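The values are calculated or read from the model by the stated rules, or taken from the named source; none is laboratory data. Quick caveat: nothing in here was measured; it's all calculated off a predicted structure. As a convention, Cβ positions derive from the backbone with ideal geometry for all residues, glycine included, and neighbour counts pool all protein chains shown. With ligands, DNA and RNA removed, areas are computed over all heavy atoms of the protein, side chains included. Shrake-Rupley method; radii C 1.70, N 1.55, O 1.52, S 1.80 Å.
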Amino acid sequence: MKIRWRNIRRICSPATVGPQLPRRSIGKTASPAAPKLGPGLRRGTALALALQAAAPAAAQDFRARLPQDEVIYFVLPDRFANGDPANDRGGLSGDRGTTGFDPADARYYHGGDLKGLAAKLPYLQALGITAIWVAPIFVNKPVQGGPGQQSAGYHGYWITDFTHVDPHFGTDAAFKALVDAAHARGMKVYMDIVANHTADVIQYRECVGASACPYRGRADYPYQRRGGVHGAPINPGFAGDAVQTAENFAKLTDPGYAYTPFVPEAERAAKHPAWLNDPIHYHNRGDSIFAGESSTMGDFVGLDDLMTEDPRVLAGMIDIYGSWIDRFGVDGFRIDTARHVNPEFWQGFVPAMLARARTRGIPNFHIFGEVADPAAQAAHTIAAKLPSVLDFAFRQALLDGVAGTKGTDVFEKLFDDDVLYARGFDTAITLPTFSGNHDNGRFAWFVRKAFPQASEAEVLRRVLLSNALLLTLRGVPTIYAGDEQGFAGGANDVDAREDQFGSKVAQYTARKLVGSDASIATPRFDEAHPIFREIAALARVRTATPALTRGRQLLRAREDKPGLLAFSRFDPVTGAEVLLAFNTSTEPLTRQVQVETRSLRFHPLAGSCAATASAPGSLSITLPPLGYAVCAAETNQ
């Protein structure tokens with residue numbers, strides 16, 4: 001979180017690819033008369049159309065799917081679809097400073113809601129989506145910030161009431177209707193949750209009127225002295241936050257060790273549950289500098305940082321989020337700012353949530369944390385025991401190798417590091433992978449920045465290539481809402497949160513889309529868009545091919561410059577091979593790529609593939625500039 005805010009015969013038979021994963025209902029795909037697809041998918045289009053015609057299994061089968069079987073779609077409800085204009089102001093009256101609603105300003109609510117999202121489930125199913133990750137929907141402080149720096153909580157990360165849906169998005173019943181409708185289609189719903197902080201409500205006497213409130217550490221401001229080492233004694237007997245027992249924290253009664261926290265009279269009961277209104281449950285040490293102890297104890301850009309070391313806070317958060325599982329039957333949690341919480345908290349919280357989900361009949365509840373540092377993400381699956389984390393390292397490899405000029409060996413380094421996760425590849429295969437998001441900007445923006453002289457056709461080819469990597473390599477592909485329509489928002493959070501239902505924001509409407517001459521000023525749900533069509537086709541290839549969801553991955557070729565990248569993935573039951581080949585250069589290439597000696601005949605799932613191996617153990621691959629191919633072997637048993 002940031003706050004600144006072709007032919008049916010080509011389909012592999014079950015004997016070839018092993019047991020089929022649970023099928024899900026598939027919506028219509030774009031007409032074959034739609035704009036051309038990228039160089040990797042033209043010859044695989046019929047496969048996707050054939051998969052569309054496959055008879056879906058009963059919707060209840062979705063519970064049996066593993067996290068790595070999904071194709072995730074990440075959406076901010078406020079920016080996706082407006083199903084009920086009556087809730088645009090969240091039931092509040094007044095100007096935007098009160099209601100938070102201003103559809104012409106990127107920093108305010110625009111009117112999207114849960115009813116609108118539910119109405120677009122057929123669109124998402126046509127895209128091949130199997131799981132929807134919804135940004136936080138909890139009640140937020142509508143507007144916060146000092147004079148000239150105000151913005152609204154449209155993104156959902158400034159929570160005041162953790163127990164209900166924000167009225168700007170609808171009601172608890174509307175969320176239940178969304179989850180039930182998704183489940184009826186065999187689609188999962190993941191909630192975005194926050195345990196690190198709440199909205200900015202608590203103030204510090206020493207910082208009133210100041211533009212910043214510097215972090216005050218434990219050495220200079222210990223818990224047993226008021227306002228510093230020379231202050232009056234307080235909290236006698238408190239052994240520090242490392243002793244995380246109820247008995248110890250019962251001795252922490254005065255929160256004035258670093259600053260003097262207070263809650264403005266008008267907001268004394270602003271938070272729910274009620275225990276969240278007591279400053280004793282927060283660190284109260286000032287603004288984080290995102291280093292050292294402040295990383296887990298400092299206020300995240302002024303937001304009230306919870307004392308997650310306190311067993312009372314842990315128990316409270318277990319009650320809060322367990323209730324959402326109980327009441328709505330959601331299928332997973334994405335954890336915001338996970339690295340800014342002490343690891344012991346997650347060691348208690350995660351098992352409680354998994355147990356709660358199992359009791360609710362949800363055996364494959366997916367929990368993944370935000371650790372926005374490629375170098376640190378694996379460590380959090382060990383120290384914090386997080387089951388999975390968002391794969392920022394995968395995104396960086398895409399930026400370096402496809403939206404940049406580095407060699408394809410960046411992917412070798414990326415996947416070599418899979419051994420660093422708690423269970424190695426078994427954890428790495430569950431990491432949600434992505435090319436861009438609501439905090440860091442969209443992939444297309446980085447392509448245009450790195451290649452300012454590139455034609456729009458080249459920009460499109462690079463975006464299509466990034467999607468091919470995303471949808472076929474290990475991990476759980478995650479599509480950021482709008483990417484399928486060619487959105488190209490900038491490198492910061494606000495600039496990358498465009499409206500999909502027709503925007504009134506000048507900075508959004510002025511930007512050219514990738515792969516289309518349409519304007520973002522009009523609703524963008526075009527199923528004929530070339531990026532939409534590519535994602536839809538590859539998503540269906542992926543979900544119908546166990547090698548691409550659950551299969552082992554083996555590097556076959558890489559270079560120290562833009563060019564060939566190749567991997568083999570293997571059916572987890574039959575061992576049948578699927579070769580993935582990508583060309584990150586702007587020149588065509590032909591290479592011999594190693595394959596299994598028993599893999600003698602091939603057929604294309606996407607792109608063009610030689611029908612037979614050149615010799616046992618070697619296949620000739622020809623790829624166009626920025627092209628790709630997915631080649632399924634017919635194994636000689």
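Rounded to the nearest 500, the helix-only mean residue ellipticity at 222 nm of the chain stands at -6500 deg cm²/dmol, with each DSSP H run of n ≥ 4 adding -39,500 (n - 2.57).
Take every DSSP beta bridge whose two residues both sit in the chain; close to 60 percent of them are antiparallel. A Förster distance of 25 Å, applied to the separation of the beta-carbon atoms of ALA239 and ALA291, puts the FRET efficiency at 0.45. Averaged over its residues, the chain has an accessible area of 35 Å² per residue, based on protein heavy atoms and a 1.4 Å probe.
Computed in the context of the full set of protein chains, the accessible area of the range 151-280 at 1.4 Å probe radius has 56% of its extent on carbon or sulfur.
With all pairs of separate Cα atoms included, the range 534-578 yields a Kirkwood hydrodynamic radius of 11.6 Å. Going toward the positive end of the dipole of the chain, with +1 on Lys and Arg Cβ and -1 on Asp and Glu Cβ, which of MET297, LEU399, SER466 do you reach last? Comparing the listed Cα positions along the dipole, SER466 ranks first.
Per-atom-type breakdown for the range 378-496 gives carbon and sulfur 56% of the accessible area (1.4 Å probe, protein chains only). Counting every alpha-carbon pair across the range 441-568, the share separated by more than 23 Å comes to 38%.
With one equal scatterer per alpha carbon and no solvent term, the Debye-computed log10 I(q)/I(0) for the range 224-358 at 0.14, 0.19, 0.22 1/Å reads -0.71, -1.25, -1.51. In the complete set of protein chains, residue-level accessible area for PHE446 is approximately 40 Å², probe 1.4 angstrom.
As a size descriptor, the averaged projected area of the C-alpha convex hull of the range 250-312 was calculated at 4.6 nm².
For the range 508-547, the C-alpha radius of gyration sits at 1.52 times the compact-globule guess of 2.2 N^0.38 Å, with N the residue count. Using a ≥ b ≥ c from the Cα gyration tensor of the range 92-240 (square roots of the eigenvalues), is it rounded, prolate or oblate, where a/c under 1.5 gives rounded and otherwise the larger of a/b and b/c decides, a/b for prolate? It comes out prolate by the Cα gyration axes. Taking every Cα-Cα distance in the range 355-431 and sorting them into 5 Å bins from zero, the calculated P(r) comes out as 3, 16, 23, 20, 15, 11, 6, 3, 2, 1 percent. Debye-formula intensities of the range 303-360, expressed as log10 I(q)/I(0) at q = 0.14, 0.24 Å⁻¹, are -0.38, -1.04 (one equal scatterer per alpha-carbon, no solvent). Distance from the Cα centroid of the range 370-428 to that of the range 284-318 is 26 Å (rounded to whole angstrom). Taking the empirical scaling 2.2 N^0.38 Å for compact globular proteins as reference, the range 390-503 has a Cα radius of gyration ratio of 1.08.
Computed over the alpha carbons of the chain, Rg followed by Dmax gives 25.1, 82 Å. Peptide packing: for 559-568, 526-535, 230-239, the average count of neighbouring Cβ atoms within 10 Å per residue gives the ranking 526-535, 559-568, 230-239, highest mean first.
Placing unit charges on the Cβ atoms only, positive for Lys and Arg and negative for Asp and Glu, gives the chain a dipole magnitude near 2080 debye about its Cα centre.
If you bin all the Cα-Cα distances of the range 574-637 at 10 Å, starting from zero, the percentages per bin are 25, 55, 18, 2. A Stokes-Einstein calculation at 37 °C with viscosity 0.692 mPa s, built on the Kirkwood radius of the range 59-166 over Cα pairs, returns a diffusion coefficient of 217 µm²/s.
Remark: accessible surface ordering of LEU314, LEU579 (largest first) is LEU314, LEU579, probe radius 1.4 Å. Of the residues CYS213, ALA199, PHE602, the one whose Cα sits farthest towards the positive end of the charge dipole of the chain is PHE602 (charges of +1 on Lys and Arg Cβ, -1 on Asp and Glu Cβ, taken about the Cα centre). Shown here for the range 183-222: trypsin sites (Lys or Arg not before Pro) in loop regions (DSSP other than H, G, I, E, B) with at most 16 other Cβ atoms within 10 Å, namely ARG218. Over the range 524-637, the ratio between the Cα radius of gyration and 2.2 N^0.38 Å evaluates to 1.08. Assuming a viscosity of 1.306 mPa s and a temperature of 10 °C, what translational diffusion coefficient in µm² per second does Stokes-Einstein assign to the range 329-471, Rh being the Kirkwood radius over Cα pairs? It diffuses with D of about 97 µm²/s by this estimate. If I model the range 554-611 as equal point scatterers sitting on the Cα atoms and use the Debye formula, what is log10 I(q)/I(0) at q = 0.16, 0.17, 0.23, 0.27 Å⁻¹? Normalising to I(0) and taking log10 leaves -0.53, -0.59, -1.02, -1.30.
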